[in-house]
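Worksheet: the structure to be examined is printed underneath.
The values are calculated or read from the model by the stated rules, or taken from the named source; none is laboratory data. For clarity, every value in this text was computed on a predicted model and none was experimentally measured. Neighbour counts are summed over all protein chains in view; Cβ atoms, including those assigned to glycine, are modelled from backbone coordinates with ideal geometry.
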Ligand code: ADP
Ligand code: MG
Ligand code: ZN
């Protein structure tokens, strides 16, 4: 996230104000407050008393103040001291241990009850109070910030509806489109907004209105937040950023107040960008759900947001960007023209995009020149930009751990596996028999994959357990990016998933729980084929399932009669069984290869796709055993 530099200047200004006040207090104030006080020695006082010049006296604990009747004004007229003409000059002297003083004063007939010396003036009282308040509020602010942190609930309660929208200057986000790899379509859509912020007059001339808001939509970690920051960096305008969850506060009505405040600030700073991250937290469909107060709060906030969006002038140059990974939950009112009517998809990167992202992040890291980013990109189908950034970083960490000062291909390949399957668990003790089962299971997958026509080639097999709980796994790698799922390919996937269990059956005559993940995935594909892709001959092209949130795992909900649901279940069972039978046939026909490769794997623990194919085709037979 961008820097929080905005906080510093406030303290800075407070300090300067405090210094000025203190200076006034020590240097200027005394001139006014005690302007007419002249200090004299005790004998001067006694002389004046003797001469009957004194009219009033005030005796204090440690000093005596008095006024002289005939005080020539001209004498001190040029000095600052006599600016205050109404007040007579007050003389001050020390108080001696003079027991006869009272008698003498009495004899001289002076009044000595009145307060003569300037008490602290109203002005200085006010000033010192202000200083006290300033100091305390400074300390208070400091403590509050320490205790509550930046996002603490209490802290917000104290600021009474001030949005925490932070102002960013272009230099502070420090991001440009160059930092966003891939995502060319998204960048193109946003370039227009950047151009608008640079030359609003060009658009005004034609009368073209740019959309007030653009909604960045896509799975988590695809660079939505990054893109918004890059737009601000490119446009070189202030960037207000707030997360949807920050609107929903402890008091009802606060969210709405924050929205109002945010737009007020933005209008003052136009042209500028307002970025609302995770807008789904406030922008959910307004329904009559059973939930109570919290819902009210959200609705108020959303209503305020809609009002503000309608209220501001589109020509002025305030552009609102928002990001979400749950667009289907957004209120329709948010999406209608004049609000977030432009939708910018930010999808998971394709092969080319992944390679570009890897390279962008690799720039900051010392790498060997021979690194094949394409291979890494091919191994990470479905990974988001954030995951790819993480892979590069994990690779760098591994290089350091290994005592190298450069990242090599191995580091990256290992970190791909770390991201996919977790860290290696070297300490985990697995019995020899279990190790054997695991090896046969994995080779079962690999063998089925290799002996089917439409199936991705095997890239790697390993029986080193991982922290994710995987005891071993087989990695397949598509040769190129696949966008359409062919019915045969889908079925072959299921066959490959069942291959592990089948190998156990054939070799050991028993089955284990090791296939649970395979079973899950096989079932998921089979189900989707039947209920979503229309790949079942009996059902044909009818969708029984709808995907709820495509960007977040995509759980599906079934919409059909109970009878149909039963039939779908039956069809799924049938399909998976067919796949299992096919795998059984493949492996039992190649039982020797299964044993051979499994023994090789047991010995090596990790083998590459080439080694696997070598043993399978008999070209590596001599080396292996
Ligand atoms: P989102 O907001 O979509 O969940 P972010 O913008 O927060 O994702 O991305 C998280 C991180 O992932 C970014 O800070 C960046 O390091 C990396 N990242 C994601 N997409 C890209 C991309 N297209 N190019 C470069 N880095 C990316
Ligand atoms: Mg984000
Ligand atoms: Zn398996």
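Given the criteria in a helix (DSSP H, G or I) and either within 16 Å of ligand 3 (Cβ to nearest atom) or surrounded by fewer than 21 Cβ atoms within 10 Å (Cβ to Cβ) (or both), does residue 377 qualify? Step through it out loud before you land on a result.
Details: in a helix (DSSP H, G or I): yes; either within 16 Å of ligand 3 (Cβ to nearest atom) or surrounded by fewer than 21 Cβ atoms within 10 Å (Cβ to Cβ) (or both): no.
No, not satisfied.
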Q | Matching entry among 502, 572 (being more than 14 Å from ligand 3 (Cβ to nearest atom) and not in a strand (DSSP E or B)) | A | 572
(Q) I'd like the full set of residues that are outside any helix (DSSP H, G or I), surrounded by 20 or more Cβ atoms within 10 Å (Cβ to Cβ) and away from ligand 1 (no atom under 11 Å from the Cβ), limited to the range 213-241. (A) 213, 214, 215, 237, 238, 239, 240, 241
Q) Inside the range 576-595, can you point out the residues that are in contact (Cβ under 8 Å) with a residue 24 or more places away in the chain and either within 44 Å of the chain's Cα centre (by Cα) or more than 15 Å from residue 523 (Cα to Cα) (or both)? A) 576, 582, 583, 584, 586, 587, 588, 590, 591, 593, 594, 595
Q: Name every residue in the range 523-558 that is exposed (fewer than 14 other Cβ atoms within 10 Å of the Cβ), in contact (Cβ under 8 Å) with a residue 12 or more places away in the chain and within 33 Å of the chain's Cα centre (by Cα), in order of residue number.
A: 546, 552, 557
(Q) Of everything in the range 308-326, what is under 27 Å from the mean Cα position of the chain (by Cα) and either more than 13 Å from ligand 1 (Cβ to nearest atom) or surrounded by fewer than 18 Cβ atoms within 10 Å (Cβ to Cβ) (or both)? Give them in sequence order. (A) 308, 309, 317, 318, 319, 320
Q) Can you spot a residue in the range 188-207 that is under 18 Å from residue 279 (Cβ atoms), within 8 Å of ligand 1 (Cβ to nearest atom) and assigned to a helix (DSSP H, G or I)? A) no
Q.
Suppose we filter 488, 520, 442 for residues that are within 15 Å of ligand 3 (Cβ to nearest atom), surrounded by fewer than 21 Cβ atoms within 10 Å (Cβ to Cβ) and in a helix (DSSP H, G or I); which single one remains?
A. 520
Q: Determine which single condition residue 343 fails, assuming it passes every other condition in (1) surrounded by fewer than 17 Cβ atoms within 10 Å (Cβ to Cβ); (2) out of contact with any strand residue (DSSP E or B) (no Cβ under 8 Å at 6 or more places or on another chain); (3) not in a helix (DSSP H, G or I).
A: (2)
Q. Among the numbered criteria (1) modelled with pLDDT under 75; (2) crowded, with 17+ Cβ neighbours inside 10 Å, which single criterion is violated by residue 72?
A. (2)
Q | Residue count, the range 471-485 (criterion: surrounded by fewer than 15 Cβ atoms within 10 Å (Cβ to Cβ) and near ligand 3 (Cβ under 9 Å from one of its atoms)) | A | 0
Q: Mind listing whichever residues of the range 365-387 are without any contact (Cβ under 8 Å) to a residue 40 or more places away in the chain and closer than 20 Å to residue 225 by Cα?
A: 382, 383
**Q.** Subset tally (residues that are in contact with a strand residue (DSSP E or B) (Cβ under 7 Å, 6 or more places away or on another chain) and outside any loop (DSSP other than H, G, I, E, B)) for the range 404-418
**A.** 1
Q) Restricting to the range 328-354, what's the tally of residues that are at pLDDT 90 or above and within 20 Å of residue 301 (Cβ to Cβ)? A) 0
